[in-house]
Structures are given as structure tokens and as C-alpha cells.
Amino acid sequence: MLRKLLTALVLVSMVSVFFALPVLAEALSGKVEVNSWWTAGGEAEGLNAMIKIYESKYPDIEFINATVAGGAGTNAKAVFKTRMLGGDPPDTFQVHAGHELIDTWVVPGYMQPLTDLYKSEGWIESMPQGVLDIVSYQGDYWSVPVNIHRSNVLWFNKSIFDTYKITPPSTFGQFFDVCDELKAKGVVPFVMGTKDGWEAGHVFESILLGKLGANDYNGLWTGEVKWSDSRVTDALETFVKMVSYLNTDHSALTWDEAGQYLLKEKGAMMIMGDWTNGWFMSVGFEDYGWAPPPGNQGIFLALSDSFALPKGCKNQENVLAWLKVLGSKEGQYSFNKAKGSIPARTDIDISDYNDYLKSAARDWQKDAISPSVMHGAAASEGWTTEFKDIISLFVSKPDVAYAQKALVTAAEGYLK
Amino acid sequence: MQIKGDKWTPILFITPSIVAVGIFIYGFIGWTSFISFTKWNNVLPDYTLAGFENYRKLFANMRFQIDLQNTLVFTVIFVIFSLLIGLLLAVLIDQRIKGEGIFRNLFLLPMAVSFIVSGVIWRWLFNPGSIQLGNIGINQLFEKIGLNFLICGWYTDPDIGIKAVAIAAVWQFSGYTMALYLAGLRGIPLELREAAAIDGANQWKIFYYITLPFLKPITFGAIIILGHISLKIFDLVVAMTGSGPAFSSDVPAFFMYDTTFRGNHFAQGASIAIILLLLVSLLIIPYLITTFRKEA
Amino acid sequence: MKISVTRLLIYIILAIFTIFYIIPMYIMVVTGMKSFAEVSLDTMWNLPISFNFNSFNLAWVGNTKQGFRGISGSFFNSVFLVIPATIISALFGSLNGYVLTKWRFRGSDLIFTMILFGMFIPYQSIIIPLVLTLQKLQVYGTIPGLILVHVIYGIPISTLIFRNYYITVPTEMVEASKIDGANFLGIYRWVIFPLSTPGFAVAMIWQFTSIWNDFLFGLIVTPNPASQPITVALNNLAGSYVVQWNVQIAGALLTALPPILVYLFLGKFFLRGLLQGSLKG
């Protein structure tokens with residue numbers, strides 16, 4: 001009799017705890033301050049979608065959406081860094097997954113590991129190994145990736161390709177043949193907008209990937225492959241040739257202003273990350289096709305926006321709740337649909353995403369994954385900035401020997 | 001001139017400014033100088049001393065060399081043209097023309113706008129267009145009115161680069177020099193000019209021997225203000241051109257911001273700041289010496 | 001009525017410069033009135049299809065669906081920032097100028113030099129220690145903190161303006177009041193301050209414009225959207241990768257409106273002040 005009573009009591013308490021848990025969760029109050037540079041367009045819409053989810057779960061928390069635009073994140077980074085150094089760490093902030101996070105924040109000891117969260121939320125199973133590798137350091141995971149963007153995509157205007165019966169080039173040889181043909185027909189074969197300084201580096205990383213393949217490209221950033229390699233020379237020379245087919249006003253334009261050439265059928269191809277897809281959607285342009293750049297078949301050059309947890313942040317519980325939303329199926333689905341990227345998780349139903357995104361998600365599952373350097377995954381910020389400056393200068397002063405030497409010196413400076 | 005009596009009250013009243021400037025300016029300059037001698041190159045502060053290493057590397061850095069050249073070119077164009085145009089406009093407006101108020105307000109108005117805003121507009125205006133898009137912006141205008149020889153690549157041409165930025169800056173500040181000169185012209189006693197006219201001097205002689213000398217102190221003061229804006233120029237470059245092809249419109253202040261907050265090279269950024277400060281001293285020390293000598 | 005050749009020439013030159021000055025403003029106004037689809041580099045000179053103020057409205061109010069905040073909230077932040085900061089920094093400048101010209105003591109020239117020199121530092125170089133200091137004073141992230149920053153960094157220029165102006169005020173006037181028994185504050189209240197209008201005009205108009213248009217301090221000291229000034233909010237109208245030009249330019253025009261109005265209505269005081277010697281060499 002007593003045993004039955006005890007068992008009943010235990011059962012009842014277990015059941016009531018189960019019901020109490022959501023109540024406990026909703027008892028979170030106070031504030032949370034989330035910092036990013038997602039101030040407009042699809043990104044802001046996506047962010048707002050996640051905020052809505054968060055607010056419906058935790059209506060008592062005041063959500064401060066602290067965004068800073070400009071400089072592809074440089075202004076925001078200036079704010080984060082001054083605050084961290086000034087002893088007022090933001091609750092959480094947007095940071096590129098990979099070396100930007102690890103070298104800038106984790107190694108110096110500013111961050112808290114999130115391994116427990118990964119285990120409790122089941123992210124180790126639902127995210128591919130490639131992305132888990134990018135966010136780990138010394139056995140722990142350090143940030144929650146919200147999305148995956150692909151850097152190495154060759155976009156082209158479909159009508160132009162159809163008119164001249166061109167198929168997307170898969171080797172550099174074919175690429176230049178296509179360029180010659182288009183040039184003769186009065187179309188700008190390849191467009192770029194170099195005003196912001198990073199676009200040249202962006203295109204160049206695809207060329208490097210094409211010449212070296214995924215393993216050796218990765219090796220450049222770990223020291224296994226030397227920058228003095230002849231394939232790097234080849235990549236530089238190829239880039240010089242590509243520049244000769246560029247729109248002459250590239251230094252006056254940002255990447256999307258250069259993209260206008262495709263919109264107006266005056267330019268045929270561009271190599272740019274797949275936020276281009278989000279941009280095409282926002283301007284109602286559908287006459288485009290995509291393919292991996294020459295030599296990039298089967299390789300997904302990835303970058304990811306993620307959020308991390310600084311030490312000493314003021315609203316730790318609230319931030320952890322935010323991170324959970326970010327890594328949840330719901331959160332990732334709604335964010336990425338608006339932003340035009342794919343979820344980091346592989347177990348989400350994205351059948352109502354657009355065609356490009358679906359094809360990107362398929363590639364994400366099967367391709368080899370390499371980290372993008374221009375967007376913080378492959379190298380530390382210091383190295384990335386030097387790389388960016390070297391290639392940016394290279395576009396106007398195509399001195400292959402000089403650039404290669406500078407790349408070698410930069411690598412030596414950072415690979416210690 | 002010293003007034004007897006209250007000796008400590010004046011000092012009391014100027015003390016807050018002294019303290020504030022002491023901490024927020026000189027204290028911080030001291031901190032920045034210290035950092036420029038360290039090895040701080042990542043977000044975690046690293047105070048190990050490195051002697052003049054940062055400075056040595058900076059002067060050997062091609063981007064910095066280009067920056068210094070750009071600053072020189074920009075300063076020369078900006079200061080000289082702002083002064084010349086300001087003077088010209090002031091002289092013209094001073095001729096008792098109809099609608100003086102309208103012209104004055106119009107020319108002064110660009111000063112109200114922030115560099116970030118005007119930078120974006122000038123980026124569009126100086127965008128040269130291309131073979132496929134045709135001429136756009138100001139080139140399009142030149143084409144329409146037949147001034148084709150003025151068409152060029154503007155800031156997309158590495159040989160022009162920062163000069164285009166200087167034109168935008170002149171647009172913004174020549175109203176200020178105009179206002180200064182107008183005030184100055186109006187301050188010249190009429191009798192002086194009339195007396196000279198009676199003595200048989202013509203307009204040009206009056207201008208050269210009487211008006212211009214009178215305007216010298218204004219010119220001097222304006223050079224200081226314009227010069228310091230020019231050495232620190234940042235917002236305009238960010239909004240208008242960024243670094244430009246082959247860094248042709250890069251400037252030290254931009255390099256400093258970029259390398260510190262994007263590249264985490266805090267020590268290098270501090271060295272650039274100190275060099276900028278030294279350059280500025282070159283400008284202001286002669287000014288201060290002459291001002292004080294004049295008043296003594 | 002015959003117009004001489006010289007006068008004709010004068011008007012022609014003025015007209016040419018007028019065009020030079022108006023062109024950027026024309027582009028601004030015209031672009032602000034276009035819709036996003038209309039805005040494109042090769043049609044920048046075209047008049048908008050219709051004179052609609054949609055972009056202005058969007059910039060002001062924002063659009064949560066498209067994900068950007070409008071600048072209206074920050075407009076008031078800027079007002080609460082600029083008015084106290086301008087007045088306080090002008091007062092400090094006036095008192096400093098008064099001390100440095102009428103109450104000179106040993107070392108006052110050196111102090112002036114040191115204050116003036118401070119005007120020339122590139123602000124990027126001091127933002128880190130600035131944040132550290134503001135944190136210690138517990139005003140980091142607040143508008144009063146930003147007011148403090150602008151007052152302090154405005155001391156050099158406003159001191160310069162007033163010093164140059166007060167030099168032109170004859171010392172005999174001050175002497176006479178001293179004989180009448182007035183002290184430091186008395187002389188300021190009854191002699192100097194009433195004369196100071198031109199100096200205040202120049203100092204306040206200059207400071208108003210510079211503080212209203214400042215971006216760097218606003219960005220670093222008050223990044224929180226609830227307290228940021230309008231220039232930071234304006235910058236945030238841009239996305240990180242894509243920019244809606246019509247909205248951003250409309251927003252820019254709205255941001256520029258207060259200083260423009262100040263120059264339009266108070267410009268003559270500015271000029272008068274310059275005439276009296278403020279900001280002259």
C-alpha cells in the first residue's frame with residue numbers, strides 16, 4: 001500500500017515537473033541585447049522573424065535589437081571591439097564562424113564554450129561535420145551558426161547564354177573562350193564591383209580553389225601548402241586575364257551595382273556569394289542561372305554567420321535562450337527563407353525555398369566543404385585584411401611576382 | 001592686459017577645461033603613443049614593447065606611402081581652391097549685386113550637409129559610366145553640353161583618385177571661405193579704398209595693394225581650419241570612394257580605422273594616428289608662433 | 001537700363017558657380033522622390049515619374065516588414081543631444097575666451113596653445129581610451145555621455161572662436177567696470193556677455209552643425225538604437241550588402257534639414273559674427 005502511494009507520488013511529481021518546465025522557461029525576464037549588422041533587406045526580415053519567435057516564447061524579456069550598418073560589418077566590429085576592450089561586453093554579437101571567431105575572440109579568452117548547449121539541443125547530429133569543424137577549437141564548440149552562404153557561385157544571365165548558345169564553362173580554358181565570344185558580341189563578359197575592396201579577394205578565392213582543389217586550398221591556410229606554389233602563380237596570372245574582360249567602371253561600383261549589368265543584359269557573368277540570390281529576389285530578377293566557377297565542381301566554399309557568448313555578458317540566461325532559437329528548426333527555417341541562405345542544420349524541410357537555395361542545400365550535403373577566407377572562416381582577421389589589400393591592389397597593379405611575394409610574407413606573419 | 005584684483009577666479013573658471021583637455025586629449029594621446037610602441041596586434045591587448053618597429057614597417061608599407069602622397073595632393077587642391085573660389089565669390093558678391101542674400105545662402109548651404117551624405121552623391125556624380133552603360137553622372141552632363149574634353153575616369157582612374165574627392169570637399173567648404181572673405185571685405189574701411197581711388201589707382205591696384213593685405217589674416221586662419229580638416233579627412237572618403245583602385249583615394253585616417261577595427265592591428269593603427277598628429281603639428285606650430293608674435 | 005559688360009560677366013560667373021553648387025542638391029532631391037525600381041545609375045539625371053514622398057515617409061517611419069527602423073526616433077535623440085551640447089560648449093568657450101584675453105596670467109598663452117592643439121587629433125585614435133573612461137564614469141551608452149564627449153571635444157574650437165572675437169573688444173571697457181567695483185563674474189555678466197552675440201552666433205552655428213552631423217562619436221558612444229543620434233540611424237538605413245538608394249537619400253535629406261534651416265535663417269548672424277573677428281586668423 002505504502003509502496004503504491006510512493007510510486008504514485010513519484011509519478012505525479014515527475015509529470016508535474018514536465019508541465020512546470022515551460023512555465024520555468026517563460027519565467028525568464030529582463031533584457032537581452034543582440035548585436036549585428038543586419039539592418040535592411042532580407043537579412044533584417046530574417047532577423048525579425050527569429051525575434052518574433054523569441055518574443056512569443058519569452059514575452060517578459062525586452063529584446064534590444066542593436067544593429068550597426070556599414071563597411072560590411074567594419075562599423076559594427078568597431079563597436080564590439082571597443083566595448084569588449086572597454087569592459088562592457090555585448091550580450092551576443094554576429095560573428096563569422098571560423099577563424100574570425102576563433103582567432104579574434106576565442107583564443108584571447110573572451111568567449112564561453114557552447115558544447116553543453118550543442119549536446120542538449122542535438123546540434124551535433126543535425127549539423128554537418130564541415131560546419132562543426134569550423135566552429136570548434138580545442139574540443140569545444142564556440143558559436144551557433146544560423147546560416148550557410150556559399151561564396152563560390154558563378155551567376156550568369158540566362159538570356160545571353162541562350163542567345164549565344166553558351167553553356168556554363170567548367171574549366172578556365174572554356175571560361176576564356178566564352179569571354180572572347182561575348183566580347184566580340186559587345187557584351188561585357190565578366191563583371192565585378194570593386195569599390196568596397198573585398199570583392200576582388202572574393203573572386204580570387206574561387207580561382208585559388210579552382211587551381212588547387214579543396215584539400216590544397218585548405219592547406220594554404222594551415223601552412224601545409226606554401227603560397228610560393230606554382231599553382232598560386234597560375235591563379236594570379238589567370239586573375240590578370242580575367243580582369244582584362246571586366247567592366248571598365250568596376251572601381252566605382254559595389255557588387256550589386258555591378259550586378260546591374262546582368263539585370264540589363266549588358267553583362268553576362270559574375271562570381272559572387274549567394275546573397276546575390278537574395279538580391280535578385282528583392283529586385284524581381286529571374287532571368288539568371290548559376291554554376292560552380294571553373295574548377296570548383298564538387299566544392300562548396302562556405303561562410304557562416306553565427307552568434308557567440310562572451311564572458312561577462314549581463315543576461316546570460318536570456319542569451320542562451322536566444323541561441324537556442326537560432327539553432328532551432330523553426331528559427332533557421334524562417335531566417336534563411338527571408339535572407340536567401342540555407343540553414344546550417346540538415347534536417348529542415350525547405351521544399352518551399354526557391355530553386356537556387358534548394359540546389360545549394362543539395363550541394364551542401366554532398367560537396368566537399370572549404371572555408372571562405374574573405375568572409376572570416378579560413379583565416380584570422382589580420383591575415384584576411386592583408387589578403388584583401390594585396391588582391392585589391394593587384395587588380396590595378398597586376399604585378400604577379402610582387403603580389404605573390406606579399407602573399408608569402410603575409411602567410412609567414414600569421415602562421416606561427 | 002592684466003586686471004588687478006580677482007586672481008584666482010579666472011583660473012578657477014578655466015580649470016575644468018584644462019582638466020578635461022588634459023585627460024581626454026593629452027591623456028589619450030599619451031595612451032595612443034604608448035600603444036604605438038607595443039606589439040598589440042589582436043583584440044587581446046599586448047603591451048610588449050616593440051620600439052620603433054611599427055613606425056619602420058609603416059613607412060615601408062606601400063599603402064601608407066600612397067596615403068601620404070594622397071594627403072599632400074588632397075590638402076593642396078582642397079585648401080588652394082577653397083581659398084581661391086571663396087575669394088572670387090566673395091569679391092563678386094561684394095559688388096552690390098541683386099539677390100546677394102540668395103547667392104550667399106546658396107553657397108553656404110553645402111556646409112550644412114554631412115560628408116557622409118555629400119560623399120554618396122558625389123560618388124554617383126563622378127561615376128564615369130562605361131562603354132556598355134555609356135556616360136553617366138557628370139560625364140553625361142558634359143557630353144550633353146558638348147564639353148567632351150572634360151570627360152575622364154574620375155576616381156576610377158588611379159591617376160586622378162583623391163583629386164576627385166578634393167573637388168567634392170571644395171564644393172562643401174568654399175562657402176565657408178567665401179563667408180570669411182565677405183566678412184573681411186566688408187571690414188575694410190571704405191575711406192581707404194576711396195582715398196586710393198582718388199589718388200588715381202585703378203580697381204586692380206586697389207585690390208592688390210589694399211584689399212589683399214587686409215585679407216591676409218583671414219587667409220591664414222582659414223588655412224589652419226581647412227588644413228586640419230584635410231589631414232583628418234575620413235567620412236568623405238568612406239562614403240565616396242573607399243580606398244579606390246590601387247589605393248588612389250586612400251587616406252591615413254581610413255587606413256587607421258580599417259587596420260585597427262577590421263584587421264585588429266591596434267599598434268599599427270596607433271602609429272598612424274601619431275604620425276597624423278605630427279603632421280598636424282607641422283601646420284599649427286608656425287601659426288601659433290606667428291599669432292603670438294603678432295600680439296606681443 | 002544698360003548693364004555694363006563687367007556686371008554681366010559677374011552674373012555669368014555667379015551663374016556658373018550656382019550650377020556647380022546646385023547639381024548635387026538636385027540629384028539628392030530628385031533621387032529622394034523616386035521609387036526603388038526607378039533608381040538606377042544611368043538615369044540619375046531624370047526627373048522622377050511622379051513627385052512622391054514615399055521614400056521620405058519610409059525613411060522617417062521605417063518598414064518593419066522590410067526590416068529597417070526609421071530615423072524618426074533618433075531625430076529626437078539628436079535634438080536632445082545637440083541643444084544642450086551646443087549651449088554648454090559655447091558657454092565654456094565664451095568663459096575660456098574671456099579668461100584668456102582679459103585675465104591673462106603667466107602661462108595663459110601656453111594653455112591656449114595646448115587647448116587649440118587638441119582640436120587636431122584624429123578621433124579614431126582615441127575612441128578606445130574614451131570608451132574605457134566613459135565606462136568608469138558610468139555614462140557610456142547614454143545621451144548625457146555623448147553630450148559630455150561633444151562638449152569636451154568642442155572646447156578647442158569654441159575657445160578659439162571666442163578668443164578671436166574678444167580680442168577685438170577693447171580692454172578699456174573692462175578696466176572701466178573694474179574701477180566701478182565689478183569683479184570677474186560681474187564684468188562677464190554686465191560687460192562681456194551682452195556684447196557676445198556675434199561670438200555665440202558663430203560658435204553655436206558651427207557646433208550645432210558639427211555635432212548634428214557627427215557620426216563617429218555617435219556610433220561608438222551610443223550604439224544602442226534607443227539612444228543613437230540620427231546620423232547613426234541614417235547609416236543603418238543601408239543593408240549590409242544591399243542599399244535602397246531612394247530611401248537612404250530621402251533619409252539623408254531629412255537628416256540635413258535642421259542644419260540647412262539653421263543656415264538659411266541664421267546665416268546672416270553667422271556672417272556678422274565672422275565680420276566681428278570670430279574664426280579669423
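For the reader, a short list of remarks on this structure follows.
- Chains A and C, summed buried accessible surface - 1.4 Å probe, Å², nearest 100: 2700
- The protein assembly as shown - percent of accessible surface contributed by carbon and sulfur, probe 1.4 Å: 64
- Amide hydrogen neighbours beyond the local backbone of A:Leu154, cut-off 5 Å, H modeled: A:Ala291
- Residues of region A:375-408 falling in the label zone of A:Ser228, defined by backbone nitrogen less than 18 Å from a point 7 Å along Cα to beta-carbon, are A:400-408.
- J(HN,Hα) series, region A:244-249, from Karplus relation 6.51 cos²θ - 1.76 cosθ + 1.60, nearest Hz, glycine and proline x: 5, 9, 6, 5, 5, 9
- When only alpha carbons are used to place a centre, region A:225-294 and region A:29-84 end up 30 Å from one another.
- Scanning residues 5 or more positions from A:Ile148 or on other chains, those with amide H under 5 Å from its amide H are A:Ile342, A:Ala344, with H placed 1.01 Å from N in the peptide plane.
- Sites B:Leu288 and B:Ile151 - FRET efficiency at Förster radius 35 Å, r taken between beta-carbons, to 0.05: 0.20
- Chain C: relative contact order as a whole-number percent, Cα under 8 Å and 6+ apart: 29
- Cβ-Cβ distance of C:Arg272 and A:Lys366, R₀ of 60 Å, FRET efficiency by 1/(1 + (r/R0)^6): the value works out to about 0.20.
- Two-decimal ratio, chain C, of alpha-carbon radius of gyration to 2.2 N^0.38 Å: 1.23
- Considering only alpha-carbon pairs that sit under 8 angstrom and 6 or more positions apart, the relative contact order computed for region A:296-375 is 51 percent.
- Accessible area per residue for region C:58-217, computed on protein heavy atoms with a 1.4 Å probe, is 37 Å².
- Full extension of the segment from A:Lys158 to A:Lys31, taken as 0.36 nm per residue of separation minus the current Cα-Cα distance, would add 40.9 nm.
- Per residue value of the accessible surface for region B:1-87 (all protein chains in place, 1.4 Å probe), Å²: 52
- Each residue was assigned an accessible area with a 1.4 Å probe, and for A:Leu263 the value is about 50 Å².
- Per residue, the accessible area of region A:305-381 comes to 33 Å², computed with a 1.4 Å probe over protein heavy atoms only.
- At 0.692 mPa s and 37 °C, Stokes D of chain A from Kirkwood alpha-carbon radius, µm² per second: 144
- Set against the 2.2 N^0.38 Å expectation for a compact globular protein, region B:110-254 has a Cα radius of gyration ratio of 1.38.
- Rg and Dmax, both from the Cα atoms of region B:1-64 and both in Å, are 20.0, 60.
- Sites C:Ser35 and A:Asp352 - FRET efficiency at Förster radius 22 Å, r taken between beta-carbons, to 0.05: 0.15
- Dipole magnitude for the protein assembly as shown: about 2880 debye, using +1 per Lys or Arg Cβ and -1 per Asp or Glu Cβ, origin at the Cα centre.
- Spacing of the two label points (7 Å from each Cα toward its C-beta) at B:Phe207 and C:Leu110, in nm: 4.7
- Protein accessible surface hidden between B and C, which excludes ligands and nucleic acids, total in Å², probe 1.4 Å: 9100
- Average Cα contact separation per residue, chain B, under 8 Å, 6 or more apart, as relative contact order %: 29
- Isotropically averaged projected area of region B:189-296, using the convex hull of Cα atoms (one quarter of hull area), nm²: 10.9
- Under 13 Å, Cβ to Cβ, from C:Ser94 - net charge with Lys/Arg +1 and Asp/Glu -1: +3
- Projected onto planes of every orientation and averaged, the convex hull of the alpha-carbon atoms in chain B covers 22.9 nm².
- Karplus-based coupling profile of region B:110-121, in residue order and whole Hz: x, 5, 6, 8, 7, 4, 5, 6, 5, x, 5, 5, with θ = phi - 60° in 6.51 cos²θ - 1.76 cosθ + 1.60 and x standing for Gly or Pro.
- Over all pairs of different C-alpha atoms in the protein assembly as shown, the reciprocal of the mean inverse distance, the Kirkwood hydrodynamic radius, equals 30.5 Å.
- Using a 1.4 angstrom probe on protein heavy atoms only, the contact between B and A buries about 3000 square angstrom of accessible area, both sides summed.
- Share of Cα-Cα pairs in region C:46-168 lying beyond 21 Å, as whole percent: 59
- Put simply, the amide H of B:Thr38, placed in the peptide plane, has neighbours under 5 Å in B:Ala50, leaving out anything fewer than 5 places away on its chain.
- Region A:387-408 and region C:81-144 have Cα centres separated by 44 Å.
- Along the axis of the charge dipole computed for chain B (Cβ charges of +1 for Lys and Arg, -1 for Asp and Glu, origin at the Cα centre), the listed residues B:Ser249, B:Ile138, B:Met178 are led at the positive end by B:Met178.
- Cross-link reach list, lysines versus A:Lys211, counting only Cα pairs under 24 Å and skipping chain neighbours closer than eight places: A:Lys226, A:Lys241, A:Lys366, A:Lys388, A:Lys397, A:Lys405
- Solvent-free Debye scattering, log10 I(q)/I(0), computed from the Cα coordinates of region B:46-99 at q = 0.20, 0.26 Å⁻¹: -0.81, -0.95
- With all protein chains in place and ligands, DNA and RNA left out, the 1.4 Å accessible area ranks A:Tyr141, C:Tyr98, B:Tyr208 as B:Tyr208, A:Tyr141, C:Tyr98, largest first.
- Alpha-carbon centroid distance for the pair region A:177-202 / region B:61-98, whole angstrom: 37
- A simple rule links phi to the HN-Hα coupling: the Karplus curve 6.51 cos²θ - 1.76 cosθ + 1.60 with θ = phi - 60°, which for region A:174-187 gives 4, 4, 6, 4, 4, 4, 4, 4, 5, 4, 4, 8, x, 9 Hz, with x for Gly and Pro.
- Its residue count N fixes a reference of 2.2 N^0.38 Å for region C:130-281, and the Cα radius of gyration divided by that reference is 1.35.
- Beta bridges from DSSP with both residues in the protein assembly as shown: antiparallel share about 60 percent, rounded to the nearest 5.
The values are calculated or read from the model by the stated rules, or taken from the named source; none is laboratory data. These numbers were taken from a predicted model, which means no experiment stands behind them. Note: ideal-geometry Cβ built from the backbone for every residue, glycine included; neighbour counts use all protein chains shown. Note: accessible area is taken over every heavy atom of the protein model, side chains too, but ligands, DNA and RNA are not part of it. Shrake-Rupley method; radii C 1.70, N 1.55, O 1.52, S 1.80 Å.
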